[in-house]
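The values are calculated or read from the model by the stated rules, or taken from the named source; none is laboratory data. Predicted, not measured: the structure shown is a model, and the values here were computed from it. Just the protein is used for accessible areas: all its heavy atoms, side chains included, with ligands, DNA and RNA removed. Shrake-Rupley method; radii C 1.70, N 1.55, O 1.52, S 1.80 Å.
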Amino acid sequence: GFLTHEDFALHNIRINGGRIYLIDHASLRFGSKHESWARFMNFMLLYNRDLEKALTEYIRENRSPEENSSLNLIRMYKLGELLDYHSRAYAKSDGAFAELSKARIQFWGSVLSHHLKSEEIPDALIENYKTTRDSLRSNEEKLRQKELQHLVS
């Protein structure tokens with residue numbers, strides 16, 4: 001019974017006059033309180049690794065083992081959703097977009113594998129994926145991502 005945001009990521013947060021605003025209210029629904037955190041942590045894995053690590057450490061050190069376990073399980077579920085989404089995109093695509101979808105499936109599958117084994121995700125895995133991803137993106141997507149990078153810097 002918690003209000004969650006299905007697309008909780010930096011591009012849906014605005015700060016104006018010292019106030020924080022959450023946008024994209026169409027993504028709000030009732031669910032587990034960890035759903036938004038799990039989505040945010042997976043997003044931050046790519047865009048702000050220090051924040052992802054800090055939130056992971058905070059949960060581990062300051063919340064109950066059950067809550068930590070719940071968040072980890074939901075995070076793995078969210079990784080499964082990413083794999084499902086990119087697998088469906090791959091089936092409908094060709095060319096560079098198919099290669100990009102394939103790279104995303106391989107990356108998120110590796111991240112899930114590390115989570116299942118309770119292993120740290122190697123920085124090299126993330127950096128190699130980002131390099132591959134960026135080389136396969138369309139010009140329109142590169143422009144959109146440039147805006148997103150501005151939000152996290």
Quiz prompt | Potential extension, His115-Arg14 segment - 0.36 nm per residue separation minus Cα distance | solution = 33.3 nm
Quiz item: Which whole DSSP H helices in the chain pass both tests: a Cα extent of 18 Å or more along the axis and a mean Kyte-Doolittle value no lower than -0.5?
Solution: 34-47, 95-116
Self-check item: Per residue solvent-accessible surface (Å²) - the chain, probe of 1.4 Å
Solution: 62 Å²
Quiz item: Which order do Lys117, Lys146, Lys130 take when ranked by solvent-accessible area (1.4 Å probe, heavy atoms of all protein chains), largest first?
Solution: Lys146, Lys117, Lys130
Quiz item: Do the sum for the chain: with -39,500 (n - 2.57) for every DSSP H run of n ≥ 4, divided by all residues, what is the mean residue ellipticity at 222 nm, to the nearest 500 deg cm²/dmol?
Solution: -23000 deg cm²/dmol
Quiz item: What percent does the relative contact order of the chain come to when contacts are Cα pairs within less than 8 Å and at least six residues apart?
Solution: 20 percent
Quiz item: Considering only protein heavy atoms, what is the solvent-accessible area of Thr131 at a probe of 1.4 Å, reported in Å² to the nearest 10?
Solution: 100 Å²
Quiz item: Over the chain, what percent of the accessible surface lies on carbon and sulfur atoms, probe 1.4 Å?
Solution: 54 percent
Quiz prompt | Above-threshold pairs, the threshold being 23 Å between Cα atoms, out of Lys33/Lys102; Lys78/Lys130; Lys78/Lys146; Lys53/Lys78 | solution = Lys33/Lys102; Lys78/Lys146
